[in-house]
1. Let me know the volume per residue of the alpha-carbon convex hull for segment 136-203, in Å³.
2. Given q = 0.15 Å⁻¹, what are the Debye log10 I(q)/I(0) values for segment 104-167, with equal point scatterers placed on the Cα positions and solvent ignored?
3. Go through segment 1-61 and name the trypsin sites (Lys or Arg not before Pro) that are in a DSSP coil and have 11 or fewer other Cβ atoms within 10 Å of their Cβ.
4. With +1 assigned to the C-beta of every Lys and Arg and -1 to the C-beta of every Asp and Glu, and no other charges, what is the dipole magnitude of segment 195-326 about the Cα centre in debye, to the nearest 20?
5. For segment 207-309, take N as its residue count and report Rg(C-alpha) divided by 2.2 N^0.38 Å.
6. What is the percent of Cα-Cα separations in segment 44-132 that go past 17 Å?
7. Taking R0 as 25 Å, what FRET efficiency do you get between residue 74 and residue 171 from their Cβ-Cβ distance, rounded to the nearest 0.05?
8. Defining a contact as two alpha carbons under 8 Å apart and six or more residues distant in sequence, what relative contact order in percent does segment 89-246 show?
Amino acid sequence: MANYWKNRRVLITGCTGLMGSWLAKSLVSKGANVVGLVRDEVPQSDLILSGTASRITIVDGDVADHPNMLRVMNEYEIQTIFHLAAQTIVGTASRSPLSTFETNIKGTWCTLEAARNSSLNPDVIVASSDKAYGDQIKLPYTEDMPLIGSYPYDVSKSAADLIARSYFKSYGMKVAVTRCANLFGGGDINFSRLIPGAMLWILKKHPIVIRSDGKFKRDYLYVEDAAECYTTLAEKIGEKAVKGEAFNFGNGQPITVIDLVNKILKVTKAKVPIKIENSAVNEIRDQYLSTEKARKVLGWKPNHTLDSALTKTYKWYERYYKAGLF
């Protein structure tokens, strides 16, 4: 759909985050008119550093403010919404569950209710997570599994996911949900996460700290591939097999934390020690996804290998570290 996004009016909530920054960049390159909802200024966001912010309309506001969300949608005549705004750090959710629930759950229903009341009936893509599945007996996760999150972050994503699909079931809205593996890429400045943390420790020549025992297994998805999964899903949301559905997106190659760190050391040619703290709490040991549905229904697959994506990611951190950004 080469011209689908040409002059299409798009709202991205959470556009200064990792996913929001790259999605905004992708949509601008496709010709969309992007409005980005921003709660806090983030000078280190790739949205700012890449110059994308100067090419979109920035609106200040909180995603949990329903009247403002409705105002933005009507005032800017929004046709497609990517609801990405969330508190995304698992540890922060455990320390501050109320603020996490406020943003992740209330923010979702405020966005959907505003869309339902908007005059243009916009399409809505809601970002859930592989964490919404909770701790399942069988892996990989498939979309027909129940959502049984137990910990604050996981529960917030389970709830947001269910709420989103209820708006399709109850009101016939064109809503679809993404359940992505762990996202990574240049621009993630949440250094408590493994990949950006490891990149920074390497650049500073410090030991890489692993909070778990190193044996936790995860699937990872490069942010440029994730941006394509979002736009592909949005383009097909009117199809019967897509609207109201959830789709898993991942690399399809689960890897243990220690193996990932060793891979990072290999692609960066770094020689720093690894420190295993084994202090992680409220985290599920193994989480990874089947992406068969996305491949069959949407025709989507990632374009990057893990090695090539890690190499591109490291170059981003190296560039801005040398520039004194962090």
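1. Details: hull volume 9.3 nm³, N = 68.
Convex hull volume per residue, Cα atoms: 137 Å³.
2. Treating every Cα as an identical point scatterer, log10 I(q)/I(0) equals -0.48.
3. Working: sites: 6, 8, 9, 25, 30, 39, 55; in loops: 6, 8, 30, 39.
Loop-located and lightly packed - 6.
4. Details: 23 positive and 15 negative charges, 97 e Å.
For this selection, approximately 460 debye.
5. Values: Rg = 16.6 Å, N = 103, 2.2 N^0.38 = 12.8 Å.
Segment 207-309 yields a ratio of 1.30.
6. Result for the distance tail: 56 percent.
7. Working: r = 18 Å, r/R0 = 0.71.
That pair, residue 74 with residue 171, gives E of 0.90.
8. Details: 203 pairs, mean separation 40.0, N = 158.
Relative contact order for segment 89-246 comes out at 25 percent.
Throughout, read-outs are computed from the coordinates displayed, never taken from laboratory work. No experiment lies behind these values; they were computed from the predicted model shown. Quick reminder, even Gly has a Cβ in these numbers, built from the backbone with ideal geometry, and neighbours come from all protein chains shown.
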